[in-house]
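Enquirer: The following block contains the structure, expressed as structure tokens.
The values are calculated or read from the model by the stated rules, or taken from the named source; none is laboratory data. Fair warning: this is a prediction, and the values are worked out from it, not measured in the lab. All Cβ positions, glycine included, derive from the backbone under ideal geometry; neighbour counts span all protein chains shown. Surface accessibility is based on the protein's heavy atoms, side chains included, excluding ligands, DNA and RNA. Shrake-Rupley method; radii C 1.70, N 1.55, O 1.52, S 1.80 Å.
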Amino acid sequence: MGFQEELQLESDFVMGTYARKPVELVRGSGMRVEDAQGRSYLDFVSGVGAVSLGHCHPALVSALEEQARSLIHVSNYYYIEHRGEAAHMVSDLLNACVPEELRAPWKSFFSNSGAEANECAFKLARLHAKKRARAAALASGADEAAAHAAAEAAPRIIVTLDRSFHGRTLATLAATAQPAKQEAFQPLPDGFVRTPLNDVEALEALFASQGDAICAVMVECVQGESGVHPCTTEFLQAVRRLTEERGALFMCDEIQCGIYRCGTYPFGFQHFGVVPDIVTIAKGVASGVPMGMCAARAEVAASFGAGDHGSTFGGSCLAVAAAETTLSTLAREGAAQNVERVGACLRAMLEGLPHVVEVRGLGLMVAADLEEHMSAPDVVAAGLDKGLLLNCTGPHTLRFLPPLVCTEADVDALEERLRGILSSY
């Protein structure tokens with residue numbers, strides 16, 4: 001079937017929630033994908049940061065083929081191979097910057113996406129607050145009725161940051177502090193409040209006025225969808241301090257900035273000297289296979305009991321096999337060091353391009369702001385003509401999320417083509 005036929009079928013039968021680029025991608029390898037006409041493209045989007053091993057990595061293809069021949073799906077009613085192994089690997093990665101004597105297991109719930117992982121985190125935070133309030137009431141001598149009342153009055157507000165992005169379900173959209181994305185879908189679930197990014201004074205004022213009602217704070221240590229805006233160390237350490245003082249949970253949405261995306265360490269929060277209570281994970285954890293995780297410190301995870309949460313396909317045979325293979329391959333191939341080195345090369349290159357006014361980011365999670373007269377969507381369209389898959393997050397902002405196997409030679413190829421595009425303006 002040709003591209004025009006595919007375009008017509010999608011026009012007729014697929015909801016128009018995406019303004020797709022005029023290309024049909026049919027195969028890929030590493031940093032490159034190919035369209036139906038045989039044209040090759042350097043991919044600096046990687047499935048919005050998901051294809052961490054690059055396209056069709058042999059180890060992942062082999063693992064999926066082997067698992068598909070054995071067992072594809074049986075549900076969470078049963079034990080399967082790879083699920084415990086993948087959860088153990090993630091626990092070790094979350095403990096990577098914790099002194100060995102202080103390390104404790106993290107426990108994970110497996111979902112299908114980042115939005116579902118965040119939904120799980122919200123539920124766990126509120127349930128944990130209720131169970132803590134009930135336990136405290138009983139410990140003080142309250143009867144069952146009073147303990148139930150204490151649980152019902154437990155903190156339920158979750159704080160998120162301005163310009164955050166946590167998903168497109170109703171609850172994750174309510175947590176996404178971008179009114180333009182929320183307005184069409186009102187009324188949204190309540191229980192979320194917002195505070196400015198990196199404003200410690202505003203955060204302290206919020207806790208001073210509403211601290212007794214706050215059960216958790218969720219942050220992206222590096223905001224992705226708003227244009228790659230990192231938190232400051234001071235701000236994240238203030239979040240940790242204030243949540244500890246109030247008995248609230250500190251939750252990190254690592255869906256885009258985790259799994260070595262920022263280089264050096266497995267997760268974004270590890271760049272800032274903090275340890276959260278809950279971490280949500282997706283995108284790169286299974287290198288393009290749909291997969292999400294909500295990981296929590298064991299004492300927090302213990303608030304969930306059988307039946308409190310679930311998923312038909314979460315942690316399926318294929319997904320956990322892909323995750324185990326992805327994580328082991330990233331470690332074996334030195335992803336952290338590669339991302340650190342090539343990310344620095346990418347940022348330095350972008351800073352030297354015409355019409356670029358600011359470059360931000362860590363590792364291979366990078367944004368470049370263009371001069372105000374420049375249209376980032378036009379640059380993305382021109383990039384397609386030059387064999388580049390690019391992405392923009394705003395009218396003047398380009399975002400770069402290449403596979404973690406990106407090399408300096410790939411950055412050189414990007415520079416040559418992108419410099420030509422920008423120089424033409």
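Enquirer: For segment 84-231, count all C-alpha to C-alpha pairs, find those more than 21 Å apart, and express that count as a whole percent of the total. All intermediate terms of the calculation are to be shown ahead of the outcome.
Expert: Working: 6241 of 10878 pairs.
Of the Cα pairs, 57 percent sit more than 21 Å apart.
Enquirer: Alpha carbon centre of segment 331-348 versus segment 1-29: separation in Å?
Expert: With segment 331-348 and segment 1-29 each reduced to a Cα centre, they are spaced 33 Å.
Enquirer: While we're looking at this one, here's another question. What's the ranking of 208-218, 116-126 by average number of surrounding C-beta atoms within 10 Å, highest first?
Expert: Working: 208-218: 18.9, 116-126: 25.3.
Taking the mean over residues of other Cβ atoms within 10 Å, the ranking is 116-126, 208-218.
Enquirer: Which distance in nm do the two modelled labels at residue 299 and residue 88 give, with both placed 7 Å along the Cα-to-Cβ direction?
Expert: 2.5 nm
Enquirer: For the chain, list the cysteines whose Cβ sits under 4.7 Å from no other cysteine Cβ?
Expert: So, 56, 97, 215, 221, 231, 252, 257, 262, 317, 345, 392, 406.
Enquirer: Could you work out how much longer the chain between residue 104 and residue 245 gets when fully extended? Use 0.36 nm per residue separation minus the Cα distance between them, nm to one decimal.
Expert: Details: separation 141, 0.36 × 141 = 50.76 nm, distance 2.14 nm.
Residue separation times 0.36 nm, minus the Cα-Cα distance, leaves 48.6 nm.
Enquirer: Once Lys and Arg get +1 and Asp and Glu get -1 on their Cβ, which of 349, 396, 336 lies farthest toward the positive end of the dipole of segment 330-425?
Expert: My answer, from the dipole projection, is 336.
Enquirer: Name the helices (complete DSSP H segments) of the chain with a Cα length along the long axis of 27 Å or more and a Kyte-Doolittle mean of at least 0.0, or state none. Working shown, then result.
Expert: Values: long enough: 114-139 (37 Å, -0.18).
TM-like helix candidates: nothing returned.
Enquirer: What lysines does residue 107 reach when the alpha-carbon gap must be under 16 Å and sequence neighbours fewer than 8 apart in one chain are set aside?
Expert: 123
Enquirer: Out of 25, 248, 62, whose Cα points farthest toward the positive end of the dipole of the chain (charges: +1 Lys, Arg; -1 Asp, Glu; placed on Cβ)?
Expert: The listed residue farthest towards the positive side: 248.
Enquirer: Hey, what did segment 71-333 get for relative contact order, percent, Cα under 8 Å, at least 6 apart?
Expert: Values: 486 pairs, mean separation 73.0, N = 263.
After rounding, I find 28 percent.
Enquirer: Sticking with this structure for a sec: Antiparallel versus total DSSP beta bridges in the chain: what percent is that, nearest 5? Please list the in-between numbers first.
Expert: Values: 33 of 50 bridges.
The antiparallel proportion sits near 65 percent.
Enquirer: How large is the dipole of segment 71-333 about the Cα centre if only Lys and Arg carry +1 and Asp and Glu carry -1, each at its Cβ, rounded to the nearest 20 debye?
Expert: Working: 21 positive and 29 negative charges, 63 e Å.
Computed charge dipole of segment 71-333: roughly 300 debye.
Enquirer: Each label point is 7 Å from the Cα along the Cα-to-Cβ direction; what then is the distance between the points at residue 184 and residue 202, in nm?
Expert: 2.6 nm
Enquirer: Can you list the aspartates and glutamates whose alpha carbon sits under 19 Å from that of residue 181, skipping same-chain ones fewer than 8 residues off?
Expert: 116, 119, 162, 190, 220, 225, 253
Enquirer: Under a point spin-label approximation (7 Å from Cα along Cα-to-Cβ), what is the residue 145-residue 213 distance to one decimal in nm?
Expert: 2.7 nm
Enquirer: Ignoring any ligand, DNA or RNA, what whole percent of the accessible area of segment 210-333 comes from carbon and sulfur when the probe is 1.4 angstrom? Show your work: numbers first, answer last.
Expert: On the way: 1740 of 3550 Å².
Answer for segment 210-333 is 49 percent, counting heavy atoms of protein chains only.
Enquirer: Determine the per residue accessible area of segment 71-333 with all protein chains present and a 1.4 angstrom probe, expressed in square angstrom. Present the calculation step by step, with values, prior to reporting the outcome.
Expert: Numbers: 11070 Å² over 263 residues.
Result: 42 Å² of accessible area for each residue.
Enquirer: Which entry in (1) 77, 71, 42; (2) 65, 64, 42; (3) 73, 53, 50 matches Cα extents along the principal axes in Å derived from the coordinates of this structure?
Expert: Given (1) 77, 71, 42; (2) 65, 64, 42; (3) 73, 53, 50, the calculated one carries the label (3).
Enquirer: Stretched out fully, how many nm does the piece from residue 138 to residue 264 gain, at 0.36 nm a residue minus the Cα gap?
Expert: 40.8 nm
Enquirer: Here's another thing I want to ask about it. Which of the lysines could be linked to residue 21 by a straight reach, that is with a Cα gap under 19 Å, when you skip same-chain ones fewer than 8 residues away?
Expert: 386
Enquirer: May I pose another question? How much length would be gained if the chain were fully extended between residue 26 and residue 344, taking 0.36 nm per residue of separation minus their Cα-Cα distance, in nm to one decimal? Walk me through the numbers on the way to the answer.
Expert: On the way: separation 318, 0.36 × 318 = 114.48 nm, distance 3.11 nm.
Taking residue 26 through residue 344 to full extension adds about 111.4 nm, to one decimal.
Enquirer: Now, a different point. Quantify, in whole percent, the carbon and sulfur part of the accessible surface of segment 25-112 (1.4 Å probe; protein heavy atoms only). Show your work: numbers first, answer last.
Expert: Values: 2740 of 4990 Å².
Carbon-and-sulfur percentage of accessible area, whole number: 55.
Enquirer: Let me ask you something else. Using alpha carbon centroids, what distance separates segment 228-295 and segment 381-416, in Å?
Expert: Computed from Cα coordinates, the inter-centre distance equals 25 Å.
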